[in-house]
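Structure first, then comments.
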Amino acid sequence: MKIIADTGKCVGAGQCVLTEPALFDQSEDDGTVVVLNRTPEGELVEKAREAAHVCPSQALSLEE
Amino acid sequence: MALLSSLYRLSVTSWKEVMTTTEKHEFPMARTCPFAPPTAYEEIREEEPVSLVRLPDGGQAWVISRHEDVRTVLNDRRFSADRQHPDFPALVEGEAASRRPDEERFLIAMDPPEHGPARKAVLGEFTVRRLEALRPRIQEIVDGQIDALLAGPRPGDLVETLSLPVPSLVICEMLGVPYADHEFFQKHTVKVIKQSTPPEERWAATAAIQGYMADLIAAKEENPPDDLLGRQIVKLRANGTYRRTALVGMGFLLLVAGHETTANMISLSTMAFLRNPEQLAMIKADPAKTLDAVEEMLRYFTIIDVATARLCVEDVEVGGQLIRAGEGVLALGYSANRDPRAFENPDELDIERGARHHVAFGFGPHQCLGQNLARMELQIVFDTLFRRVPGLKLAVDVDELPFKDDANIYGLYRLPVTW
Ligand code: HEM
Ligand code: SF4
C-alpha cells in the first residue's frame, strides 16, 4: 500500500495523527499533514485505511 | 450596482416562492429528551432525507439528515459558510436583518481563498504534538478544580467547579488572557450563544468581547509575549500579514468557541457516565478506553447541531435532490450521528463501538480547529474525576436537571453532584 497526501486539501485537523502517530505527523508551521511512512505494512495498513476514512477533507488517498 | 443586486435578490426570492410551499416541519426543533435528537429527525432521515423546513423568519432551508450526505455537503466548496450573507439561513427571527455583510468575517464564516491561509496561520498552535506538551499543565488545572470541588459544599455544582473553569483556564492560558477577567467574557459569551438573545444585544455582547480583545492585543504588540496571541503577532508580522482586527477576530472566536463547548461536554458526559455505570466501569478498568468513550460521548450528544449551516452558491445534487444557488442548507450533525447507516443501534451509548467517524466537530475545511484540545481536556477530566471521586453521584433526578434547551450549544446550566 502507498499513502498519498494532498497538503493542499489538508485542513490540519490532526485526525490522522490521532489514528496512527507512526504514520502521520503535522507540520509545526501550518499544521498540515506530514507522512512519516508512505508504505505501511502489516497492522499499519488498517490504520492507514482508518485515517483516510476519518480525514475530514479527503486529503489522504491510498493506492492498494 | 445597488439596482443590479436588488434585481438579483428579487429574482431569487420569486423562484424560491414558486419552488415549494410544502415544508412539513419548522426549524429549529427543540430536543424533548436530553438523550435523543428531536423526534422528527428520524422521520425526516428515513422518509425524505433532504427536505425543506420553515425557518423562524418565514424563509426556507434544506435539512440534510443522513451521515453520508452531511459529510458530502460540508466538504463541498459549492456550499458557503458566509454567515454574514443576506441569504444565509437564519435560525433566529430578525437575525438576518442584523447582518453586516461589510464587516470582517470570523474564521468560521470565511470561504476560500480567504479561509485556508487564515486557518493555517493558527493551526500550528493546535497540532496533536503541540497539544501533548500542554498535557501536564491541563492535568494540574483539572486536579486543582477537583480539589476545589472536594473542599466545597456537598452537594456541589459540577458546572461551576469543574466543567466551566477547566476549559476557560486552559484557553485563557493558551491565549494569554488574564483569567481574572473570565467573569466578564463569560457573561457576554452566554448572550452570544443563547438563541433568545435579541440580535442587537448579541452584537453588543460580541462588541464588548472584541473591544476587550483589541485592548489586550494592542498591549501585547510592543513586546509580544510567548503566548498564542503574542506568537501570532510575531509570526504574522514576519510574513507581512499582521492586522490587529484580524487577530482580534481570531482571539474572540477561540475564546468563545473554546470554553462553552467543552464545558457542556464535560457536564453531559459526566451525567451519562453516572447513569451508565457499566460504561464507566470500562474506562475505570482500562483508561486506554477513555478516548473511545470521548468520541462516543461527542457522537451521542452532538451539542452543536445547527452550527453547520451553509448557503448553496452553485447548483448541486445531494442525495438525489437538486439544491440551487441561493438556497440555504442545514447539515444536521445530530441526525447524521444517529444515522443507523453509519452507526449500528445509534441510540445506544456504547463506548466500544468505534465512533470516530462522527461529525460532532463538523467535517470538511471548517472541522473544529480545537477538536484535539477538547478531546484531551475531556480525557483528562474523566480519568481524573472518577479516579479521585469514586463515590461521585447525581444529587438530583435527571428530570430535575436544567438542560440548555434554549441555547445554540446544548448542555446543562447546573449539575448538582455529591459523593
Ligand atoms: C467538545 C467541544 C467542541 C465541539 C463539540 C465543537 C464543535 C465545532 C463544530 C461543529 C465546528 C464546525 C462549524 C462549521 O462547520 O460551521 C467547530 C468549529 C470551530 N471550533 Fe470547535 N468545538 C469544540 C471545542 C472547541 C475548542 C476547545 C476550540 C478552541 C480552542 C474550538 C474552536 C473552533 C474554531 C476556531 C472553529 C472554526 C474552524 C474553521 O472555521 O475553520 N472548538 N467546532
Ligand atoms: S486528518 Fe486529513 S485534514 Fe487532518 S491533518 Fe490528517 S490529512 Fe490533514
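Quick check on my filter: what residues within segment A:39-56 are part of a loop (DSSP other than H, G, I, E, B) and within 16 Å of ligand 1 (Cβ to nearest atom)?
Result: A:Cys55, A:Pro56.
Tell me which residues, restricted to segment A:22-47, are more than 11 Å from ligand 2 (Cβ to nearest atom) and in contact (Cβ under 8 Å) with a residue 12 or more places away in the chain.
A:Ala22, A:Leu36, A:Asn37, A:Arg38, A:Thr39, A:Pro40, A:Glu41, A:Leu44, A:Val45, A:Lys47
Please determine whether any residue of segment B:357-364 is within 14 Å of another protein chain (Cβ to nearest Cβ) and on the phi > 0 side of the Ramachandran plot.
Yes: segment B:357-364 contains one or more residues that are within 14 Å of another protein chain (Cβ to nearest Cβ) and on the phi > 0 side of the Ramachandran plot.
Conditions (1) under 30 Å from A:Lys9 (Cα atoms); (2) charged (D, E, K, R), marked per residue:
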| residue | (1), (2) |
| --- | --- |
| B:Asn372 | yes, no |
| B:Leu378 | yes, no |
| B:Gly391 | no, no |
| B:Glu400 | no, yes |
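Please determine whether any residue of segment A:19-26 is surrounded by 14 or more Cβ atoms within 10 Å (Cβ to Cβ) and over 10 Å from the mean Cα position of the chain (by Cα).
no
Consider B:Ala97 against the criteria (1) of a type outside the set (Lys, Arg); (2) out of contact with any strand residue (DSSP E or B) (no Cβ under 9 Å at 6 or more places or on another chain); (3) assigned to a helix (DSSP H, G or I); (4) within 12 Å of another protein chain (Cβ to nearest Cβ): it satisfies all of them except one. Which criterion is unmet?
In the conditions (1) of a type outside the set (Lys, Arg); (2) out of contact with any strand residue (DSSP E or B) (no Cβ under 9 Å at 6 or more places or on another chain); (3) assigned to a helix (DSSP H, G or I); (4) within 12 Å of another protein chain (Cβ to nearest Cβ), B:Ala97 misses (4) alone.
Looking for something under 23 Å from B:Gly370 (Cβ atoms), within 13 Å of another protein chain (Cβ to nearest Cβ) and surrounded by 13 or more Cβ atoms within 10 Å (Cβ to Cβ) - is there at least one such residue anywhere in segment A:33-43?
So far as segment A:33-43 goes, yes, one or more of its residues are under 23 Å from B:Gly370 (Cβ atoms), within 13 Å of another protein chain (Cβ to nearest Cβ) and surrounded by 13 or more Cβ atoms within 10 Å (Cβ to Cβ).
Give the residue that is nearest to B:Thr418 (Cα to Cα), with candidates limited to residues of segment B:148-168 that are of a type in the set (Gly, Ala, Ser) and within 28 Å of the chain's Cα centre (by Cα).
Going through the qualifying residues, I end up with B:Gly156.
Any residue that is touching a residue at least 12 places away in the same chain (Cβ under 8 Å), over 28 Å from B:Val306 (Cα atoms) and either out of contact with any Ser or Thr (no Cβ under 9 Å at 6 or more places or on another chain) or surrounded by fewer than 16 Cβ atoms within 10 Å (Cβ to Cβ) (or both) - is there at least one of those in segment B:197-210?
So far as segment B:197-210 goes, no, none of its residues is touching a residue at least 12 places away in the same chain (Cβ under 8 Å), over 28 Å from B:Val306 (Cα atoms) and either out of contact with any Ser or Thr (no Cβ under 9 Å at 6 or more places or on another chain) or surrounded by fewer than 16 Cβ atoms within 10 Å (Cβ to Cβ) (or both).
Quick one: which residue in B:Asp397, B:Asp406 is away from ligand 1 (no atom under 13 Å from the Cβ) and under 21 Å from B:Glu260 (Cβ atoms)?
The unique qualifying residue is B:Asp406.
Working only within segment A:1-15, note down all residues that are more than 9 Å from chain B (Cβ to nearest Cβ), within 10 Å of the chain's Cα centre (by Cα) and not in a loop (DSSP other than H, G, I, E, B).
Within segment A:1-15, A:Ile3, A:Ile4, A:Ala5 qualify.
Give me the pairs: first residue in segment B:236-262 and within 14 Å of chain A (Cβ to nearest Cβ), second residue away from ligand 2 (no atom under 16 Å from the Cβ), beta-carbon distance under 6 Å, and six or more apart or on different chains, which are they?
Note: pairs meeting the criteria are B:Leu236/B:Tyr242.
Going residue by residue through segment B:275-287, is there one that turns out to be near ligand 1 (Cβ under 9 Å from one of its atoms) and either part of a helix (DSSP H, G or I) or not polar (S, T, N, Q) (or both)?
No, every residue in segment B:275-287 fails to be near ligand 1 (Cβ under 9 Å from one of its atoms) and either part of a helix (DSSP H, G or I) or not polar (S, T, N, Q) (or both).
Let me confirm something: among B:Glu295, B:Glu317, which residue is free of Cβ contacts under 8 Å to residues at least 12 places away in the same chain, within 24 Å of B:Gln367 (Cα to Cα) and not hydrophobic (A, V, I, L, M, F, W, C)?
Among B:Glu295, B:Glu317, only B:Glu317 is free of Cβ contacts under 8 Å to residues at least 12 places away in the same chain, within 24 Å of B:Gln367 (Cα to Cα) and not hydrophobic (A, V, I, L, M, F, W, C).
Where in segment B:109-164 are there helices (runs of 4 or more DSSP H), lying fully within it, with 3 or more residues that are more than 14 Å from chain A (Cβ to nearest Cβ), within 16 Å of ligand 1 (Cβ to nearest atom) and in contact with a helix residue (DSSP H, G or I) (Cβ under 9 Å, 6 or more places away or on another chain)?
It comes to B:135-151.
When segment B:218-265 is examined, which residues are found to be β-branched (Val, Ile, Thr) and closer than 18 Å to B:Gly124 by Cβ?
If the condition is that a residue be β-branched (Val, Ile, Thr) and closer than 18 Å to B:Gly124 by Cβ, then B:Ile233, B:Val234, B:Thr241 are the ones that fit.
Which numbered condition in (1) away from ligand 2 (no atom under 16 Å from the Cβ); (2) closer than 30 Å to A:Val17 by Cβ is the only one that B:Leu131 fails?
The number of the failed condition is (1).
Here's the yes/no breakdown for (1) within 16 Å of ligand 1 (Cβ to nearest atom); (2) at negative phi:
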| site | (1), (2) |
| --- | --- |
| A:Asp6 | no, yes |
| A:Ala13 | yes, yes |
| A:Ala22 | no, yes |
| A:Gly31 | yes, no |
| A:Asn37 | no, yes |
| A:Gln58 | yes, no |
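What pairs come out if I take residues in segment B:381-403 that are within 22 Å of B:Ser168 (Cα to Cα) and pair them with residues that are among the small types (Gly, Ala, Ser) and in a helix (DSSP H, G or I) whose C-beta lies under 9 Å away, six or more apart or interchain?
B:Val381/B:Ser163; B:Val381/B:Ser269; B:Phe382/B:Ser269; B:Phe382/B:Ala293
Every read-out reported here was derived from the displayed coordinates using simple, explicitly stated rules and does not represent laboratory data. These numbers come from a predicted model, not from an experiment. Note that each Cβ is placed from the backbone with ideal geometry, even for glycine, and that neighbours are counted across all protein chains shown.
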